[in-house]
Structures are given as C-alpha cells and as structure tokens.
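Bear in mind these aren't lab numbers, they're just calculated from the coordinates by the rules spelled out. The structure presented is a predicted model; accordingly, all values stated were derived computationally and were not measured. Cβ: placed from backbone, ideal geometry, glycine included. Neighbour counts: every protein chain shown.
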Amino acid sequence: MKEKNLSLHKATRAIHAGGLKKPVFGEVSVPIFQTSTFSFPNADAGAARFSGAEDGYIYTRMGNPTTGALEECIAALENGYAGMGAASGMAAATTVFLAFLQQGAHIVSTASVYGPTRMVLEKEFSRYGVKSTFVDTSDLRNIEQALQLPDTRMIYIETPANPTISITDIRGAAEIARRHDLLLVVDNTFASPYLQRPFEFGADVVIHSLTKFLNGHSDVVGGMIIAKNEKLYRQIKPVLNLFGGTMDPHQAWLVLRGIRTLPLRVERAQENAGKLAQFLLQHPRVTWVSYPGLPEHPQHQIAKKQMDGFGAMISFGVKNGLEGGKIVMNNVQLFTLAVSLGGVESLIEHPASMTHASVPKKEREESGIGDELVRVAVGCEDFEDLRDDIDQALNQIP
Ligand SMILES: *Cc1c(COP(=O)(O)O)cnc(C)c1O
C-alpha cells in the first residue's frame, strides 16, 4: 500500500493493503512467488543483499514477496510496525516466547488461554527453565499478584479468551507492564484486527492464528507476529528465521485472499452472533450465555471500550450438564461439530467432552469450563437457519 493510503479506514485497508512495490504485469492480485531461493545478478549484488545494503530477497525462509504482501497487510490492519508470517498460530506464539524468555524467566498468562499455548509453556518451555503462571486476567489484580519480579518478563493475554469468552482490559494490562518494564503480548485471534487493535491500548507485540477469522475459510493453518516498533521487530525476526517456523508463499496468498473479505465476513458473523446470543438467553434449555455484547457479560463495559464490535464467539450452558452438551453435539445438522473458529461456516464444540476432556474436572472448572459449556463459532449463514438448527438440537435435551 502506498504511504499516502495509510489514513484509509479499516475495511479499505483490508482490501488494499499489502502488495508488491512494483507489479510485474499490472496484476490486481498479488502473484504467488513459489520459489525457495532468489538469484543475484552478480557477486557484489549478492554481498549487498546479505549485508542489508541493498533491498532484495535471498531465500524464502528469510523473506518472500507474497509473504511480504500479507505481512504488510496485517501490519497495516493492526497499526503495527511490521508483521512476520509464521507457519501456524503456535509458531507465532512460540517464536515470541523464544525471542524474549531466557532461562529463569517468568511469564504471566490468561488461565483460559488457548490450550496448546498453555501446554507449550507448562510442558516444553519449563524444560528450559522458563516459569509460567496462569491467572484469570479479566481481574487485573490477579496479574499484579502473580508477578515474580525481577524474573517476570512478559504478560501474555488472550482477549476475548477461549472458550469462556472472558475479556481482559488491554490498557490496564499495559499499565502493569509499563510500571514493571515487562512486555505485553496479546493474542488477538478471537477479535481480529477488524474489531480490536491492541497496539492502540499499549500492547508491544500482537500475535494471530491466521487459521481463524483472518483467513476465514477453514482451509489454511497460519500465524502472524506483529511488532509495535522497529526495535521489537529486530529482536523477533532473526529468531523466527533461525528456528524456521516461517510461512509458505502459497499459504500467505490464500490468507491474503481471505483477508480481502474480512470486513464483510466479520460484520455478518457478528450480526448473527448478536441475534443468536439473544435467542439463547431466553431458551428454556439454556442456563447462561457468555457473549461480550450482552449487558450481563461481566466485562461488557471493557469490551465496549476496546472493541469495535463484540465478535462472533459465544459460549453458553445447557441443562443436564455433560449429557446435555453431548445431546446438542449429536443433534445439530447445520452447525458443524468441529474445533477452530472464524470460518464462514458455523462450528460448535463441547469442551468438557472434546478439547478439554483431558484436563482434570476440578482444574477445568477452576478455569470456568464446566460440563455444561457449549461453544459456538458463528458463521455467515442466514440467521434463521442457525437459530432453527440450534433450537431443535437444544429441544432434544429432556
Ligand atoms: C487456533 C488458535 C491458536 C493456535 O493457532 P494454530 O494456527 O492452530 O497454530 C492460538 N490462539 C488462539 C486464540 C487460537 O484460537
């Protein structure tokens, strides 16, 4: 995107940001540069590229024009300094941990953070002496209390968080980070930059699973790290290149294509979600509904401050606990029984019998994930069809 276009609004950015500096044939879509390596015209030019004296590509793990277009697009959407494409959301998260956490370092994170994020810290990074504490970050006092200064180096939050749809005050977390000279990293996957831009509230690094809303079509796994400034970018980029969890150009092209319709998809999905949350709230087989757009959501006011909309993720409780949840899973016809989220099609899952089945019941319930919790990722279908499907499935519960 040309510099002068940086004042454009967010939907226009999603459609226009990220391209080649020089189009090859005037092409409108960014080409897929499916090449592992790039030739140098001569020895001096090769040397100049390696030293950084001359712009240009060397080898796709270090940079590629198609991946570069996607990185530029997402950095523009997030209002960040630069993006770094990763092979998956997990590659993005682990690269950030590798870049900033050394032996003896401590990290504070959201208790209901994406399961594998918690697992990689507790089971893998712990092997290298990195300590982690998981707390309910929707109450900022818990973050403050969990700090182990001077070892704590990072606060890593997910908001909205999976699968409780709880919200953490990004500005409040950033103030704690500033006060103690820590980094604030935000996993912005559930909101997407269309609804929430953590840099505006003081985050230092943002990560995404592109697999979800940004790609939006349930056909790619990918990740992105966005740095607030050049200093952070220079700390992360070599770590990503050396550990090698980088993105493939074809993967980047698919995600860039998906992002062009991000505004349309998110608007539609969240409109459906708002209506579905209202419908569930008055359903006789539903015991509670967690959707940030409902005034009864405990962090509704914070969501209003930091989000442009309330998103498309809902969790709710059903009567008859574990059994009730399974009945809904087994009777939906239009909702697809699958994990993941952010695609055009609506998905449904039951954490107690699926994603969180291996977590001991007590620990699961402490993280707010009871037997009765059902999570839906609302898609872009006609609302009436979604409503009728969930209604008939709920009505199977005795
Ligand atoms: C899916 C997800 C991830 C991991 O992303 P992958 O692309 O599956 O590696 C991380 N954080 C959140 C919030 C997610 O939903």
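Phi-derived couplings, Karplus 6.51 cos²θ - 1.76 cosθ + 1.60 at θ = phi - 60°, listed residue by residue for the stretch 185-191: 10, 10, 7, 9, 4, 5, 8 Hz, with x used for Gly and Pro.
Only Cα pairs under 8 Å and 6+ residues apart enter the sum, and on that basis the relative contact order of the stretch 1-108 stands at 28 percent. If you run the Gaussian network model on the chain, springs between alpha carbon atoms under 10 Å, then out of 154, 62, 354 the most flexible one is 354. Taking 0.36 nm per residue of separation and subtracting the current Cα-Cα distance, fully stretching the chain between residue 11 and residue 39 would add 6.4 nm.
Derived scalar couplings between HN and Hα for the stretch 212-227 equal 9, 4, 4, 6, x, 10, 6, 10, 9, 9, x, x, 8, 10, 10, 9 Hz in order, rounded to whole Hz, by the Karplus curve 6.51 cos²θ - 1.76 cosθ + 1.60 (θ = phi - 60°), x for Gly and Pro. Taking amide H as placed 1.01 Å from N in the peptide plane, the amide H of residue 288 sits under 5 Å from that of 317, each at least 5 places away or on another chain. Backbone amide hydrogens, once placed in the peptide plane, bring residue 346 within less than 5 Å of 336, 379, 380, 381, excluding anything fewer than 5 places away on its chain. Residues 169, 389, 181, ranked from the fewest to the most other C-beta atoms within 10 Å, line up as 181, 389, 169.
Phi angles across the stretch 298-304 convert, under the Karplus curve 6.51 cos²θ - 1.76 cosθ + 1.60 with θ = phi - 60°, into 3J(HN,Hα) values of x, 10, 4, 5, 5, 4, 4 Hz, Gly and Pro given as x. The calculated 222 nm mean residue ellipticity attributable to helices in the chain amounts to -11000 deg cm²/dmol, summing -39500 (n - 2.57) over DSSP H runs of n ≥ 4 and dividing by all residues. Near the amide H of residue 20, within less than 5 Å, lie no amide hydrogens of residues on another chain or at least 5 residues away, with H placed in the peptide plane.
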